[in-house]
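The values are calculated or read from the model by the stated rules, or taken from the named source; none is laboratory data. Just so it is clear, the model here is predicted, and its values are computed rather than measured. Here the Cβ is made from the backbone with ideal geometry for all residues, glycine too, and neighbour counts use every protein chain on show.
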Amino acid sequence: METSGTRTLILTGCIVGISLLHYLTPLHFHYLHDIFQRLYYLPIILAAFWFGLRGGLLCSLIVSIVYAPHILLQWGGHLTMEMEKYMEILLYNTVGGITGLLSQREGERSVELQKTARGLKDSYQKLQHQSEQIIFIEEQLRRAEKLSTMGEMAAVLAHEIRNPLSSIRGTAEILKDDYKAGDPKYEFIEIQIKETERLNRVVEDFLHMARPQQADMQPCPVQQELETIVTLVSNEARNRQVNLVLLPQPSPVNIKADGEKLRQAFLNIVINALQATPKGGSVTISTTVSENGFCDIGFHDTGPGIEADQFEKIFEPFYTTKPEGTGLGLAISKKIIETHNGKLLIESEPKRGTTVTVRLPILDSIHGGRE
């Protein structure tokens with residue numbers, strides 16, 4: 001875009017050039033002088049468009065001053081000719097003033113329209129933000145409604161399923177004593193007992209998801225809890241031929257938490273990571289402390305990662321990509337972490353692995369009022 005200095009040079013060049021044409025062209029070329037005097041309108045109109053009312057009037061005034069000696073010195077004595085030239089000077093100033101005024105008003109209107117456009121843009125962004133908040137709240141309400149329904153069903157399930165399951169398992173264990181290992185019926189009974197246990201775990205997970213979480217909050221050392229989890233799952237990691245690594249903490253970190261429930265959340269996350277990691281892969285657990293009073297516990301696996309279309313569903317109850325999964329592990333873990341005033345974050349890239357981060361406020365942060 002042209003600057004004010006460049007535009008001023010253009011106008012000056014036009015006026016000087018036209019004036020030289022006037023002063024250097026012999027008077028008997030009347031038709032050329034008629035053309036030259038009308039060329040002055042070009043810089044006047046440009047000045048009015050570029051600089052508004054003041055620019056148009058100032059340029060027309062300069063043109064009048066430059067053009068006046070030409071009238072007096074070269075056309076002097078021709079009254080009719082002089083009157084025509086003086087009328088031209090009057091028109092210069094009239095055109096400069098009117099064009100400048102219209103240009104200035106148009107500029108002011110353009111500024112007002114830009115302000116209105118910015119205001120509309122800001123309003124649109126606010127509406128969009130409010131719309132996103134409404135959608136988020138609606139999702140939370142739907143989730144709460146789903147959990148409420150699950151809670152009502154939990155009591156019925158506990159009575160109607162768990163008691164018969166206990167009876168089925170007890171009967172199967174009695175029948176198992178009548179057969180020796182290697183007998184086909186012995187193997188069938190083994191399958192029956194395992195499937196009964198699996199169904200019982202599904203009911204337990206469902207109850208944990210639906211029932212209110214009563215937390216016994218106590219000071220809890222993070223590294224100690226993670227060491228316990230590593231001990232619990234180390235055998236499964238060896239069976240899966242996955243390298244499970246717990247990195248040391250730079251400094252001890254304590255949080256206020258229910259240790260049992262926190263271990264349940266960590267256990268669900270680590271088991272998911274082990275199940276997602278192929279043989280020869282690794283699962284790494286690390287802890288970092290941020291300046292804003294939170295500790296981030298990261299669980300990184302070298303599995304295939306999570307597809308983009310699965311991200312929005314991974315925390316939904318009963319959503320799972322594993323044939324034997326219940327789809328409640330991450331949902332339960334998220335609920336437990338949220339009851340501890342924390343967040344559960346997931347970052348994943350297909351074929352590059354997944355990192356699950358548990359962000360919890362450290363004990364000093366809680367005491368400091370940033371809970």
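Numerical summary
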read-out: Count of residues meeting criterion [among the polar types (S, T, N, Q) and at pLDDT 75 or above] in the range 288-332; value: 4
read-out: Index of the failed condition, ILE269 passing every other in (1) more than 17 Å from VAL358 (Cβ to Cβ); (2) touching a strand residue (DSSP E or B) at 6+ places or on another chain (Cβ under 7 Å); (3) at pLDDT 85 or above; value: (1)
read-out: Tally, over the range 1-50, of residues that are under 26 Å from ARG109 (Cβ atoms) and of a type outside the set (Gly, Ala, Ser); value: 16
read-out: The one condition in (1) among the small types (Gly, Ala, Ser); (2) more than 18 Å from LYS334 (Cβ to Cβ); (3) touching a Phe, Trp or Tyr at 6+ places or on another chain (Cβ under 9 Å) that ALA273 fails to fulfil; value: (2)
read-out: VAL245 vs. criteria modelled with pLDDT of 85 or more, touching a Cys at 6+ places or on another chain (Cβ under 6 Å) and among the β-branched types (Val, Ile, Thr); value: no
read-out: Options GLN275, GLN224, GLN241: the member that is touching a Lys or Arg at 6+ places or on another chain (Cβ under 8 Å) and either loosely packed, with under 14 Cβ neighbours inside 10 Å or of a type in the set (Lys, Arg) (or both); value: GLN241
read-out: Candidate set: the range 1-19, residues that are under 19 Å from TYR86 (Cα atoms) and out of contact with any Cys (no Cβ under 9 Å at 6 or more places or on another chain); chosen: the one surrounded by the fewest Cβ atoms within 10 Å (Cβ to Cβ); value: SER19
